[in-house]
Amino acid sequence: MFIIRGAIIEEDIAHIRFACDLQECKGACCTLPGGRGAPLEDSELEEIERSCSHAFKYLSAENLREIRENGMVEGMPGGYATRCLDDRDCVFVFYENTVAYCSLEKAFFEGKTSWRKPISCHLFPVRISRSAGENLRYEQLRACAPAKIKGLAEDVPLYDFLREALVRRFGLTWYKEFRSQCSRLDNYMSDNEKFEKE
């Protein structure tokens, strides 16, 4: 582990190679089984309210019915999440061919909103938990195996892949310190691996 400005970071994050491959994983992070959607910051409820009307036009009748009958969000302060459909798909999911996409993000990319999507989605596969400060950990999922394969093939460090999300969440100064430490740890491991092979 290492610490950047009070945030405790799992060291694996410095060594993992990762680059999403939607054509292979089919947007699995938006359709994970378990019945609970994307974790939300309390402040994000207002953002969803502001953005939802633009996102709705991409959603199926089934998704819209679920939202109308049960709402977009569940939980309570400090533990909100987006609602799921059939204990799986986030209610904001829509499909193109067989790939799941986020309707909130689609509205953002089309310039209809200024808010992209929940920060927990943007940071995935890094999760933030709060116990004695903020803790960043890598969540390893079988569904993300294609991202690891692509990340290795293209040599994309997870800390670079998540640059935009991390800057959004923690700011550029924090990210520069974080990246510097990750790069140092990553190079240290690479040097040790080379030494062991000699």
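Can you tell me which residues in region 10-28 are out of contact with any helix residue (DSSP H, G or I) (no Cβ under 7 Å at 6 or more places or on another chain) and surrounded by 19 or more Cβ atoms within 10 Å (Cβ to Cβ)?
27
Among the residues of region 164-181, write down those that are more than 17 Å from residue 120 (Cβ to Cβ) and of a type outside the set (Asp, Glu).
Once the filter is applied, which keeps residues that are more than 17 Å from residue 120 (Cβ to Cβ) and of a type outside the set (Asp, Glu), region 164-181 yields 171, 172, 173, 174, 175, 176, 178, 179, 180, 181.
From the list 144, 90, which one is under 15 Å from the mean Cα position of the chain (by Cα), in contact (Cβ under 8 Å) with a residue 40 or more places away in the chain and under 21 Å from residue 66 (Cβ atoms)?
Only one candidate qualifies: 90.
Return yes when residue 125 is crowded, with 19+ Cβ neighbours inside 10 Å and in contact with a Pro (Cβ under 8 Å, 6 or more places away or on another chain) and no when it is not.
When the stated conditions are applied, residue 125 does not pass them.
Could you check, for region 34-49, whether at least one of its residues is assigned to a helix (DSSP H, G or I), in contact with a Leu (Cβ under 8 Å, 6 or more places away or on another chain) and modelled with pLDDT of 95 or more?
yes
Residue 125 passes all but one of (1) within 17 Å of the chain's Cα centre (by Cα); (2) of a type outside the set (A, V, I, L, M); (3) modelled with pLDDT under 95; which number fails?
Going through the list (1) within 17 Å of the chain's Cα centre (by Cα); (2) of a type outside the set (A, V, I, L, M); (3) modelled with pLDDT under 95, residue 125 breaks only (3).
Restricting the search to region 100-117, which residues are more than 17 Å from the chain's Cα centre (by Cα) and surrounded by 15 or more Cβ atoms within 10 Å (Cβ to Cβ)?
107, 113 - these are the residues of region 100-117 that are more than 17 Å from the chain's Cα centre (by Cα) and surrounded by 15 or more Cβ atoms within 10 Å (Cβ to Cβ).
Among (1) surrounded by fewer than 15 Cβ atoms within 10 Å (Cβ to Cβ); (2) aliphatic (A, V, I, L, M); (3) assigned to a loop (DSSP other than H, G, I, E, B); (4) in contact with a helix residue (DSSP H, G or I) (Cβ under 7 Å, 6 or more places away or on another chain), there is one condition residue 76 misses while meeting the rest; what is its number?
Every condition holds for residue 76 apart from (4).
Collect the residues in region 1-33 that are in a loop (DSSP other than H, G, I, E, B) and within 18 Å of residue 154 (Cβ to Cβ), keeping them in residue-number order.
15, 16, 18, 19, 20, 21
Confirm whether residue 141 is modelled with pLDDT under 95, under 14 Å from residue 30 (Cβ atoms) and either surrounded by fewer than 16 Cβ atoms within 10 Å (Cβ to Cβ) or not hydrophobic (A, V, I, L, M, F, W, C) (or both).
Values: modelled with pLDDT under 95: yes; under 14 Å from residue 30 (Cβ atoms): yes; either surrounded by fewer than 16 Cβ atoms within 10 Å (Cβ to Cβ) or not hydrophobic (A, V, I, L, M, F, W, C) (or both): yes.
Spelling it out, residue 141 is indeed modelled with pLDDT under 95, under 14 Å from residue 30 (Cβ atoms) and either surrounded by fewer than 16 Cβ atoms within 10 Å (Cβ to Cβ) or not hydrophobic (A, V, I, L, M, F, W, C) (or both).
Given the options 192, 97, name the one that is at pLDDT below 95, surrounded by fewer than 15 Cβ atoms within 10 Å (Cβ to Cβ) and within 30 Å of residue 54 (Cα to Cα).
Every option except 97 fails the conditions.
Please give the number of the condition residue 165 fails out of (1) at positive phi; (2) among the aliphatic types (A, V, I, L, M); (3) outside any loop (DSSP other than H, G, I, E, B).
(1)
The values are calculated or read from the model by the stated rules, or taken from the named source; none is laboratory data. Because the structure is a prediction, the values reported are computed rather than measured. Cβ atoms come from the backbone with ideal geometry, glycine included; neighbour counts cover every protein chain shown.
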